Amino acid sequence: EAIPALNSAIAALDTLKKQDIDLVKSMSNPPSGVRLALEAVCVMKDVKPEKVKDNATGKSTDDYFGPGKKLLMDPKAFVESLKAYDKDNIPPSIIKKMLKYYEDPEFTSDVVERVSVAAKSLCMWARAMVVYDKVAKVVEPKKESLARNTAQLEEEQAKLKAVRDELAAVI
């Protein structure tokens with residue numbers, strides 16, 4: 001489940017063109033899909049939001065678009081940083097924050113693709129990281145258990161072989 005999602009996310013990152021990223025950088029009032037995708041990337045990379053005053057309510061809200069645009073300054077380095085992301089050591093606090101995006105019906109590659117190709121790729125990457133983490137947390141303990149059990153089996157088989165060799169020498 002995790003590997004196909006991860007592979008398709010990496011393939012989507014490979015399709016990102018500099019002009020797609022430049023288009024996102026140039027947006028002053030991006031559509032919600034672009035905002036969500038950049039926000040999710042910021043959360044995954046533990047980039048802090050800016051506090052912005054909402055003119056309608058007068059309250060201060062978190063805005064990731066400004067910090068997200070800063071990540072896009074060097075498109076090639078940005079894409080490489082996503083590909084090199086340490087997916088095996090994602091802090092639980094980040095995954096907890098990411099569930100908000102992962103469960104959002106507006107944060108799917110099909111929905112986000114309608115507003116931006118670049119945002120679709122970012123969406124796919126962010127969702128794949130959550131899937132990978134979820135599966136890795138289930139699979140890793142099983143891998144460790146398999147390794148322990150395999151080592152124990154090999155040890156017991158060596159003992160059995162020694163006993164059989166001893167028995168064969170007596171007979």
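Every number here is computed from the coordinates shown, using simple stated rules; none is lab data. On a predicted model such as this, the values are computed, not experimentally measured, just so you know. Cβ: placed from backbone, ideal geometry, glycine included. Neighbour counts: every protein chain shown.
See the values below:
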| quantity | calculated |
| --- | --- |
| Listed residue pairs exceeding 30 Å between alpha carbons, taken from 51/76; 100/137; 76/97; 17/59 | 17/59 |
| Compactness index (Cα Rg / 2.2 N^0.38 Å), region 99-171 | 2.25 |
| Choice from 144, 103, 113 showing the highest fluctuation, given a GNM over the chain with Cα pairs closer than 10 Å | 144 |
| With 5 Å bins from 0: P(r) over region 50-104, alpha-carbon pairs, percent | 4, 14, 13, 20, 25, 14, 6, 4, 0 |
| Relative intensity, log₁₀ I(q)/I(0), of region 1-66 from a Debye sum that treats every alpha carbon as a point, q = 0.19 Å⁻¹ | -0.90 |
| Phi to ³J(HN,Hα) by Karplus 6.51 cos²θ - 1.76 cosθ + 1.60 over region 9-23, Hz, x for Gly, Pro | 5, 5, 4, 5, 5, 5, 7, 5, 9, 4, 5, 5, 5, 4, 4 |
| Positive minus negative residues near residue 71 (Lys, Arg vs Asp, Glu; Cβ under 15 Å) | +1 |
| Most mobile listed residue (114, 148, 35) in the chain, GNM with C-alpha springs under 10 Å | 148 |
| The chain: projected area of the alpha-carbon convex hull, averaged over directions, in nm² | 13.5 |
| P(r) weight above 18 Å for region 49-150, C-alpha pairs, percent | 63 |
| Gap separating the Cα centres of region 77-103 and region 112-137, nearest whole Å | 9 |
| Helix-only [θ]222 nm of the chain, DSSP H runs n ≥ 4, -39500 (n - 2.57) each, per residue, nearest 500 | -23500 deg cm²/dmol |
| Residue of 56, 128, 118 that the Gaussian network model of the chain assigns the largest fluctuation, springs spanning Cα pairs under 10 Å | 56 |
| Given charges at beta-carbon only (K, R positive; D, E negative), |dipole| of region 1-138 in Debye | 280 |
